[in-house]
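Comments concern the structure below.
The values are calculated or read from the model by the stated rules, or taken from the named source; none is laboratory data. Remember, predicted model here, so these are calculated numbers, not experimental data. Every residue, glycine as well, gets a Cβ built from its backbone with ideal geometry; the counts of neighbours run over all protein chains shown.
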Amino acid sequence: MRRSNLLLLLALFLGLAFHGSALFFTLESTYDALIHLFFADHYASQWWEPWDYRWYTGFTVMGYPPLAHQMMALFSFLGGLKFGLYSIALAAIVLFITGVYRFGLMLTGNRKVAGYTALLAVVSSTFIETLHLFGQLPSIIGISVLLHTLPEIYEWLRTGKVIKLVLAYSLIAVTVTSHHVTPIFGMVFFIFPLIGMAVMDDARDRVRNFRQITFKVFLNSFRRLFWRMVTFGMGSLALIVLCILPYWINSKENPITQVPIPHGSRDNFLEVTSSGLVFFLIPWGILLFLLPYIFYRFYSKRYLFFGLSFSMLTLLGTGGTTPLPRLLLGETAFNILTLDRFTLWATIMALPIFGEFMCRLVEGDLRDWLQSRFGSVSHRLLGGFLGGGILFMVVFSMSLGYFRPSQPQKINMLPIVNFLNQDMHNHWRYLTLGFGDQMAWLSAQTAAMTVDGNYHSARRLPELTTKAIERLENSKFRGVEGIGSLQQFLSIPEKYNLKYIFSNDKFYDPILYFCGWQRLQQLENGIMVWERLNVPPLPAIIPRDDVPRYLKLMWGIIPVLTVLIAFLLNIRLIWARVLKLKPQEEPAYLQSGVELKGFNPAIIKLNTAWAVLVLLLLCYGGYSLYLVNSAQRSPENVVKAYYDALDFKEFERAHSYLSPTRGVSLDQYMLEVAVTDGILSSYAKLDSIGVDLVSSSPNTATARIRSVWITPLETIKKTERRQVVKEEGNWYLVPEPPKRDIPSDQLFTSNVTRYYNHGRRKVTTQQTYHEDVLEQPLLEVLTARLVRNKDQYAIVGEIQNIDRVPADVTISATLYNEMDIPLSSYNAKYHIKHKLMPKEVTSFRIDFEKISWRTKDDIMPATFNPEQFDPVQLEEMPVKFNLQCAANIATTDLYKDVALQQLQLNQETIRGALFNAGVQEVTIPQILISYYDTKKELLWVDQTFVQEGIRVQRLQYFDHPFPELEVVEIISRDMKNCFVNGLPNSEISEKMFPDGRKEKGKPYLQPVSHKEFDYIKIETDHFIGNPRS
Amino acid sequence: MRKLTFILLCVFAFGCSRPVETNQSLRLVSLNIPETAAAGGEMAFEFHISGGGMPVLLLRNALGQTVIDGKRDAEEVIFRLPSSFKEKSGPCHWSLIYGDSTLASGVVHITPSEIEPRVETYLGPGNIMAGRTDHTILVAVPSDVYGNPLPDGTSLTLRKQVAGVLESEGLNTNSLFAWKRVYSEERATRGFLSVIAEGSHSKELTFDIHPAAPVDFEISYSRNHSYADGNQVITFSTSVLKDPYNNTVSDGTLVSFLITNSGGKILRAQGTTIHGIATARMLHPDRADQWIVRALVEGIATSPEIQVEFLPVMRSFSVKWNASTSHLDVGPVESFLKQFQPDGLRVILKVTDEQNIPVAELSGELSVGYARFDLGQLGLPSGKYGASVEIGGITKEIPFELKNEELE
């Protein structure tokens, strides 16, 4: 009696000391903790209002049970949000350890075993992972409270004491309000087997031993306890419905339309080994070695139902490794649920059995058996092995977040918060890029709104719900859907009042630039702020979904009330127990424990064999990992390793794969790397690589390397040949010759006009004075026509900045049918120079994209393709168009010093070179090509990104195939509905050039002998990654 | 008993209510109220009344209505108007009210104050084009110190200074405001305006006259030598771009230089003007060429054509095949002074098989006059091939035989 309490106290002490102190270094970089913090901030600022405008253009917090968030909010009034977070996390630790203790006690009826169970709970890798890696606080609280509920339910079933039923109800209510999935599945996986066990125990009391329990005896006991079960079942069902009624109503009214988002727990763990590690190996940890024992114990008669439940949980937790979980759960549930929770529950369920094993090993019959059979050394060895294994798993799972960080470096949010509060910047929406889950922490600190969010079940915009992406913020990890979705937000930001982007990842810079965004400033925390001109501010009143007042009251009152009630009910009993006010009655489950005597030697042998097998498997896994990763073992490996090193920008490692005898020093190599820039070397991620040997001999080989690179703008497929040599037993790559080109001038000068806009000249908190508002530059649409190329409609044209200042140009077009009904609308994206100097002309093309994969039945392409273009499916033929051009004064990104040289044309391609004549290094050159017919009428506009950058005073060659234009058909030439800054285009021309323009037959058009077009025009635009000021 | 208590309570409650006052006792004897008044002055309405009680004054003007309390001193009641009524020009209706009845009512016409008039002005657009057609519009609203518009016909003085010339003219308000088109001048400069009413001050209004679209211009070029070495830079520049009124065009105006080479291809460089002059740079071609250059501001102005000739840097170079190492060595490549051609010139190698079918195309760069191609790594089967090497438009052909023992 005294001993067991000591073990529990020790467990609590260790748990709080270990987890409690580690929390401060792990919790904020977990996946979920900051999301819960954001919700807590919502309740702290507006307890009764479920609508939050800050994410997803508005969403309701009734989509997640509120208890944990509300408790955090309450604590935050004492010491701030993070205080709330850590307080709840500490409470969760205590609840978990005591919960596991009580579960163990109930299951085994042995205080000693329960004490061991509690100790093992502290060091269980599944708990460490859930808390320190995933940060799933509500889930932990939910399961912990459920574990506390189980003994009360058992007591009620066995003894029929109403107080036990009331206690069980009160705890079920707390579980429900903290996590909705836990009680629903907990019913099936924990409470049903518990009921089974209670019935079994009841039957046991009626016969002499377990062997005598027949089905008939069991059925009789079942009948006897039936009404208790029904009472409990009905009551808890009512609680599940009632306590979070607003949640159920909300789920019914706003059904989750989100397409399934891939989750690692649904992967095939044998194929995706990283998912296998995180969702199988780590949570199971040392338990893996004891699986036969666990199954053996669970399939004894008393625990039979737990055995069934445990087997089911184990199976479901294996995700997509076998097709069984998919078959069992059905397609929909399989795709919505994250299956790691099943493994979590299975491992928690196994803890008491593990505790029992340890107890028997340390001081029970197993020790005696081992010592008598093999001597005390083997016993100590086994103990040492298990203890070492547990320690290893603890350290390994704790350090995982340190060595493989799942989040970007911690960002200091204060400069961003200040930026949003300045100068009415929060009158627009913002977007973060590359923030990871820290975006929730930013949202929690500001009232400004973002189009993104971090709770995808609450999304409402079809642009997001139809995409299987977690967040826009990390869209690069989700390939075509990710970048495709982001592109839509970047191309039509005015639809979402999206004006500011905080970028923590340079990867997105090119897409931002070519979608017409410009850099505003770099904040002191290194975050780059991008802005888009011509975006209207948010309206003063934003629509929202309101809910009846009674639901708001229920949502605000019931969860905290359940905690209060449960607390008051339980504190009474705890006091009674501690102060020994009245003699304690032994709980029923203590009388039904199983005596632990006579360890079955067969199971020891079986388990030993299993453990050896697991060890062998682990060793084999490690060896095959070594084979794949040992870089210089074969020509293919060294090529792959070299590209992998390049991909991760580990240039020193890459250099170590280059032939040491071919004389490229590390310094020289780093120098060459440092001077290459461009979309491929600075913004590409290696997607796949295939290496085959064209020729090979024992010591040399020529490899053909086909690589696919993902960039924010397009997918680049590259084929190249590299020579590989074997030197001193290792394979090396032969380095490529360096570029020899030497510019003619060492130092030279370049003059440019630079611009500065004061913004507000008068410092005022009011609207900007009208004298301080810059006038919009005048543009003129020179030509615009609606064309069709195969099934794709587009508007092509040319536009000129006829003002005296540089202009940032936004063009949006709408298509209409005969009846003047709008069919589709979109903005010019890549096919335009967004920044125009005075009198500069750009060709443009506006494509009409649909919101990709609007329906679930649409087939998603399997591989990444950011250029993936989905022309909108128009139901009717468009015959007219409306063109709205808007200009604002541009002061940045005005680099024009690139010349086109060495042009060569043939039937298939354009080849040429670009010469960088200025003083900025061009990172990504873009070539815009317009095609004209014999009458010099514009037919089509096409563009390409040159893969490498252009260094100063150097040439960069390009090669672009002509598009197929056989079927281009001009549908409308009518420019009546072209408007510039809201004014009719025709008036502008008349006013600026009263005597007409000086058109001399477009001398700038290049004649081409091609069957589909007769002239082309080539223009260039340039993204400069690191502008020198 | 309860009923009785209730009735008594009711009686008590009624007894406590205030007796209805009648205006029988109150009578207006005389009043002293002006018919017109200037805004902002001290305004007090005096009434002589007899009898007890205290009337209130209901006021109504363009801004709204209110009830004010007065001060009674014996038989005299004085109401002082709050600033929102005494400072607002226009009719101010008043009624003296006591209980349900209006004792007297009337209107005071408040005229704008004449002290410190001010003029609210708006000018836009602030940027106009040089010439005689473009204009900006001035709108002036004269008002008194309290913001009351001055009556129609108020005369204002517009002062304008453009390019050192001072002009002044009168304006009269109509419908409470005055407006005027201010036309552009031929000279690009900044114009200053002020509008004042008698006794007022004005803020500074400015507008900018910017140069109009440029007219045709000349171009020239400069370079360090006339050889097509693919390395030196040629600079094109325009004459000073002017508009029809001899203003230098705005800085930043984009000029495109179109170069038609002897192959009929149009090359393009561009530059933006600074003080009217745009420059653009290009690399010398890597082969002899004849460039015809013209510049234009698209659809607006253009230049005459000029010709630039580039001379070849060399006539020939040598190519050697080294069968033992499978290397093709190109060079030395010498330039116009017998010096090595500068590093980086492109060397293009085309390999054809015995049937003259192209099998490979490689490109390399000259380094210290030489270039080397390793043909062993192409993975071609052994056999006879032809190589054609092209540098700066000059091609050399050489046959070679590949013996690759390492290949099975």
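Within the stretch B:125-138, the residues that satisfy the criterion of being within 12 Å of chain A (Cβ to nearest Cβ) and either of a type in the set (Val, Ile, Thr) or on the phi < 0 side of the Ramachandran plot (or both) are B:125, B:126, B:127, B:128, B:129, B:130, B:132, B:133, B:134, B:135, B:136.
Could you tell me which residue of the stretch A:753-792 is farthest from residue A:1013 (Cα to Cα), considering only residues that are in a loop (DSSP other than H, G, I, E, B) and modelled with pLDDT of 90 or more? Spell out how you get there, then give the answer.
Taking the stretch A:753-792 first, the residues in a loop (DSSP other than H, G, I, E, B) are A:753-769, A:773-778, A:790-791.
Among the residues that remain, those that are also modelled with pLDDT of 90 or more are: A:753-756, A:776-778.
On the way: A:753: 38, A:754: 39, A:755: 40, A:756: 43, A:776: 36, A:777: 34, A:778: 31 Å.
Checked the stretch A:753-792; the qualifying residue farthest from residue A:1013 (Cα to Cα) is A:756.
Taken over the stretch B:241-260, the criterion of being touching a strand residue (DSSP E or B) at 6+ places or on another chain (Cβ under 9 Å) and closer than 16 Å to residue A:804 by Cβ is satisfied by B:241, B:242, B:243, B:247, B:248, B:249, B:250, B:251, B:252, B:253, B:254, B:255.
Per the listing A:34, A:23, A:27, A:8, the residue uniquely of a type in the set (A, V, I, L, M, F, W, C), under 17 Å from residue A:453 (Cβ atoms), surrounded by 20 or more Cβ atoms within 10 Å (Cβ to Cβ) and touching a residue at least 60 places away in the same chain (Cβ under 8 Å) is A:34.
Only one of B:377, B:355 is free of Cβ contacts under 8 Å to residues at least 60 places away in the same chain, within 12 Å of chain A (Cβ to nearest Cβ) and not hydrophobic (A, V, I, L, M, F, W, C). Can you tell me which? None of the other options fit; the residue is B:377.
Checking the stated criteria, residue B:234 turns out to be assigned by TED's automatic domain parsing to the domain that holds residue B:289 and in contact (Cβ under 8 Å) with a residue 60 or more places away in the chain. Note on the stretch A:977-1029: among residues that are away from chain B (no Cβ under 14 Å), within 30 Å of residue A:528 (Cα to Cα) and modelled with pLDDT of 85 or more, the one that is nearest to the chain's Cα centre (by Cα) is A:1025.
Scanning the stretch A:873-909 for residues that are more than 10 Å from every other protein chain (Cβ to nearest Cβ), within 27 Å of residue B:278 (Cβ to Cβ) and not in a loop (DSSP other than H, G, I, E, B) yields A:885, A:887, A:888, A:889.
Would you point out which residue out of A:678, A:690 is touching a strand residue (DSSP E or B) at 6+ places or on another chain (Cβ under 7 Å) and either in the same structural domain as residue A:952 (by TED's automatic domain parsing) or surrounded by 17 or more Cβ atoms within 10 Å (Cβ to Cβ) (or both)? Even if it seems obvious, please write down each step before you answer.
Working: A:690 fails: either in the same structural domain as residue A:952 (by TED's automatic domain parsing) or surrounded by 17 or more Cβ atoms within 10 Å (Cβ to Cβ) (or both).
Result: A:678 is the single residue among A:678, A:690 that is touching a strand residue (DSSP E or B) at 6+ places or on another chain (Cβ under 7 Å) and either in the same structural domain as residue A:952 (by TED's automatic domain parsing) or surrounded by 17 or more Cβ atoms within 10 Å (Cβ to Cβ) (or both).
Every test in (1) of a type outside the set (Lys, Arg); (2) at positive phi; (3) at pLDDT 90 or above is passed by residue A:436 save one, and that test is (3).
To keep it simple, each residue is scored yes or no on (1) outside the structural domain of residue A:729 (by TED's automatic domain parsing); (2) in a helix (DSSP H, G or I); (3) under 26 Å from residue A:712 (Cα atoms); (4) in contact (Cβ under 8 Å) with a residue 24 or more places away in the chain.
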residue	(1), (2), (3), (4)
A:613	yes, yes, no, no
A:617	yes, yes, no, no
A:623	yes, yes, no, no
A:640	no, yes, yes, yes
A:645	no, yes, yes, no
A:649	no, no, yes, no
A:664	no, no, no, yes
A:668	no, yes, no, yes
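For the stretch A:75-86, the condition holds for at least one residue, the condition being that it is of a type outside the set (Gly, Ala, Ser), under 19 Å from residue A:562 (Cα atoms) and either at pLDDT 95 or above or surrounded by fewer than 24 Cβ atoms within 10 Å (Cβ to Cβ) (or both).
Just so you know, in the stretch A:388-416 the residues that are in a helix (DSSP H, G or I), outside the structural domain of residue A:122 (by TED's automatic domain parsing) and surrounded by 14 or more Cβ atoms within 10 Å (Cβ to Cβ) include one that is farthest from the chain's Cα centre (by Cα), and it is A:415. Scanning the stretch B:266-309 for residues that are within 22 Å of residue B:342 (Cα to Cα), facing chain A (nearest Cβ under 10 Å) and free of Cβ contacts under 8 Å to residues at least 60 places away in the same chain yields a total of 4. Can you spot a residue in the stretch A:608-620 that is farther than 19 Å from residue A:732 by Cβ, of a type in the set (Gly, Ala, Ser), in contact with a helix residue (DSSP H, G or I) (Cβ under 8 Å, 6 or more places away or on another chain) and surrounded by 16 or more Cβ atoms within 10 Å (Cβ to Cβ)? So far as the stretch A:608-620 goes, yes, one or more of its residues are farther than 19 Å from residue A:732 by Cβ, of a type in the set (Gly, Ala, Ser), in contact with a helix residue (DSSP H, G or I) (Cβ under 8 Å, 6 or more places away or on another chain) and surrounded by 16 or more Cβ atoms within 10 Å (Cβ to Cβ). For the residues A:958, A:915, A:962, the requirement of being more than 13 Å from chain B (Cβ to nearest Cβ), within 25 Å of residue B:235 (Cα to Cα) and free of Cβ contacts under 8 Å to residues at least 60 places away in the same chain singles out A:958.
If you filter the stretch A:458-496 down to residues that are assigned to a loop (DSSP other than H, G, I, E, B) and among the polar types (S, T, N, Q), you find that the one that is modelled with the highest pLDDT is A:474. With respect to (1) away from chain A (no Cβ under 13 Å); (2) under 30 Å from residue B:243 (Cβ atoms); (3) part of a loop (DSSP other than H, G, I, E, B), the lone exception for residue B:314 is condition (2). All conditions but one from (1) under 39 Å from the mean Cα position of the chain (by Cα); (2) within 30 Å of residue A:891 (Cα to Cα) apply to residue A:783; the one that does not is (1).
Restricted to the stretch B:151-174, and to residues that are touching an Asp or Glu at 6+ places or on another chain (Cβ under 7 Å) and assigned to a loop (DSSP other than H, G, I, E, B), which residue is farthest from residue B:249 (Cα to Cα)? Selected residue: B:173. Restricting attention to the stretch A:313-336, the residues that are buried (at least 17 other Cβ atoms within 10 Å of the Cβ), farther than 24 Å from residue A:456 by Cβ and not hydroxyl-bearing (Ser, Thr, Tyr) total 1. Does residue B:119 qualify as being farther than 20 Å from residue A:804 by Cα, surrounded by 14 or more Cβ atoms within 10 Å (Cβ to Cβ) and within 22 Å of the chain's Cα centre (by Cα)? Criteria not met by residue B:119.
Is it the case that some residue within the stretch B:227-235 is within 11 Å of chain A (Cβ to nearest Cβ), buried (at least 16 other Cβ atoms within 10 Å of the Cβ) and out of contact with any Pro (no Cβ under 9 Å at 6 or more places or on another chain)? Steps first, answer last, please.
Taking the stretch B:227-235 first, the residues within 11 Å of chain A (Cβ to nearest Cβ) are B:229-235.
Subset that is buried (at least 16 other Cβ atoms within 10 Å of the Cβ): B:229-235.
Right, trim to out of contact with any Pro (no Cβ under 9 Å at 6 or more places or on another chain) and you get B:234-235.
So far as the stretch B:227-235 goes, yes, one or more of its residues are within 11 Å of chain A (Cβ to nearest Cβ), buried (at least 16 other Cβ atoms within 10 Å of the Cβ) and out of contact with any Pro (no Cβ under 9 Å at 6 or more places or on another chain).
Residues that are part of a loop (DSSP other than H, G, I, E, B) and either in contact with a His (Cβ under 7 Å, 6 or more places away or on another chain) or in contact (Cβ under 8 Å) with a residue 12 or more places away in the chain (or both) within the stretch A:128-187 comprise A:135, A:136, A:160, A:179, A:180, listed in sequence order. Residues that are in contact (Cβ under 8 Å) with a residue 24 or more places away in the chain, of a type in the set (D, E, K, R) and part of a loop (DSSP other than H, G, I, E, B) occur in the stretch A:254-274; there is at least one.
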